[in-house]
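Let me begin by presenting the structure, written as structure tokens, before commenting on it.
The values are calculated or read from the model by the stated rules, or taken from the named source; none is laboratory data. Small disclaimer: the values here were computed from a predicted structure and weren't measured. Neighbour counts run over all protein chains shown; Cβ positions are idealised from the backbone, glycine included. Keep in mind that these areas ignore ligands, DNA and RNA; they rest on the heavy atoms of the full protein, side chains included. Shrake-Rupley method; radii C 1.70, N 1.55, O 1.52, S 1.80 Å.
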Amino acid sequence: MATHLVIISDREPLAWVLGTQRMAFPAGRAASGLPAEGDQALLYTTRGCYRNLTRDRGRVMGLTVVTSPVETLTEPVVFGERRFTSGCALRVEGLAPVRDGVVLADLVPRLEVFPEERSWSVRMRRASLPLPPADARLLTRELRPLLGRRSEHLADYTRGTEWHDGT
């Protein structure tokens with residue numbers, strides 16, 4: 001089992017991911033860098049995810065398990081101008097409250113995946129970042145105390161977005 005940091009940069013796709021327990025990836029992403037069935041995926045919301053760069057920080061805020069292979073979607077998922085052409089199913093194991101979670105920038109000096117501390121954010125310009133085992137353990141250990149059940153936090157993540165589960 002591998003662990004990936006799945007990077008989500010806008011609240012509409014985040015609400016969709018958490019509500020449907022599915023992940024979609026943009027066209028042109030190499031399958032080799034994407035999670036496989038059985039992998040763990042840590043969800044990371046970028047500083048701009050909630051559209052307030054002065055208030056928000058990039059955070060690891062969710063723990064999921066990939067429950068299907070990444071496959072080409074019969075109908076792309078579209079958010080604004082972005083088309084997501086492949087995807088997989090997830091099981092959300094836990095969520096931190098909205099705008100809470102592990103601030104990734106604070107841990108960058110301790111993470112192997114970012115060998116150059118000053119330019120770490122460049123590695124975040126992708127949909128999924130495979131993590132070395134030690135990094136996965138550290139991030140998971142820091143995240144677990146902050147997690148609640150999906151049902152406790154889902155409404156807060158979907159409130160004010162175009163996506164909702166109909167309840």
- prompt: For segment 22-38, how many residues meet the condition of being modelled with pLDDT of 80 or more, part of a loop (DSSP other than H, G, I, E, B) and surrounded by fewer than 17 Cβ atoms within 10 Å (Cβ to Cβ)?
  reply: 3
statement: When every residue in segment 110-122 that is over 21 Å from CYS49 (Cβ atoms) and in contact with an Asp or Glu (Cβ under 9 Å, 6 or more places away or on another chain) is compared, the one least open to solvent (accessible area, probe 1.4 Å) is GLU112
- request: Would you point out the residue of segment 93-106, among those that are assigned to a helix (DSSP H, G or I) and under 17 Å from the mean Cα position of the chain (by Cα), that is surrounded by the most Cβ atoms within 10 Å (Cβ to Cβ)?
  value: LEU104
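Look at segment 49-60 and say how many of its residues are open to solvent by less than 70 Å² (accessible area, probe 1.4 Å) and farther than 18 Å from LEU18 by Cα. It would help to see each step written out before you state the result.
So in segment 49-60, the residues open to solvent by less than 70 Å² (accessible area, probe 1.4 Å) come out as 49-50, 52, 56, 58-60.
Imposing the further condition that a residue be farther than 18 Å from LEU18 by Cα reduces the set to 52, 56.
Residues in segment 49-60 being open to solvent by less than 70 Å² (accessible area, probe 1.4 Å) and farther than 18 Å from LEU18 by Cα: 2 in total.
Checking the conditions here, which among THR74, THR140 is part of a strand (DSSP E or B) and either out of contact with any Leu (no Cβ under 9 Å at 6 or more places or on another chain) or at pLDDT 90 or above (or both)?
Values: THR140 fails: part of a strand (DSSP E or B).
Result of the check over THR74, THR140: THR74.
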- prompt: Among the numbered criteria (1) under 13 Å from LEU14 (Cβ atoms); (2) open to solvent by 10 Å² or more (accessible area, probe 1.4 Å); (3) assigned to a strand (DSSP E or B), which single criterion is violated by SER86?
  reply: (1)
- prompt: Residues of segment 123-147 being more than 21 Å from LEU14 (Cβ to Cβ) and either open to solvent by 80 Å² or more (accessible area, probe 1.4 Å) or in contact with an Asp or Glu (Cβ under 7 Å, 6 or more places away or on another chain) (or both), which ones?
  reply: PRO132, PRO133, ALA134, ASP135, ARG137, ARG141, PRO145
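Looking only at segment 1-21, which residues are among the aliphatic types (A, V, I, L, M) and not in a helix (DSSP H, G or I)? Let's see the steps before the verdict.
So the first thing to find is which residues in segment 1-21 are among the aliphatic types (A, V, I, L, M), and the list is 1-2, 5-8, 14-15, 17-18.
Within segment 1-21, MET1, ALA2, LEU5, VAL6, ILE7, ILE8 meet the criteria.
Being of a type in the set (A, V, I, L, M, F, W, C), under 14 Å from the mean Cα position of the chain (by Cα) and modelled with pLDDT of 95 or more is the requirement here; does LEU90 meet it? Reasoning before the result, please.
Working: of a type in the set (A, V, I, L, M, F, W, C): yes; under 14 Å from the mean Cα position of the chain (by Cα): yes; modelled with pLDDT of 95 or more: yes.
The answer is yes for LEU90.
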- request: Please verify whether segment 61-73 includes one or more residues that are surrounded by fewer than 15 Cβ atoms within 10 Å (Cβ to Cβ) and under 15 Å from ALA15 (Cβ atoms).
  value: no
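Based on what the data block shows, is ARG126 outside any helix (DSSP H, G or I) and at pLDDT below 90?
Working: outside any helix (DSSP H, G or I): yes; at pLDDT below 90: yes.
Judged against the criteria, ARG126 is a match.
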field: Any hit, segment 91-100, residues being touching a residue at least 24 places away in the same chain (Cβ under 8 Å), more than 16 Å from ALA15 (Cα to Cα) and of a type in the set (A, V, I, L, M)
entry: no
query: Pairs under 7 Å by beta carbon, first residue part of a helix (DSSP H, G or I) in segment 144-167, partner at pLDDT below 80 and not charged (D, E, K, R), six or more apart or different chains?
result: THR158/HIS164
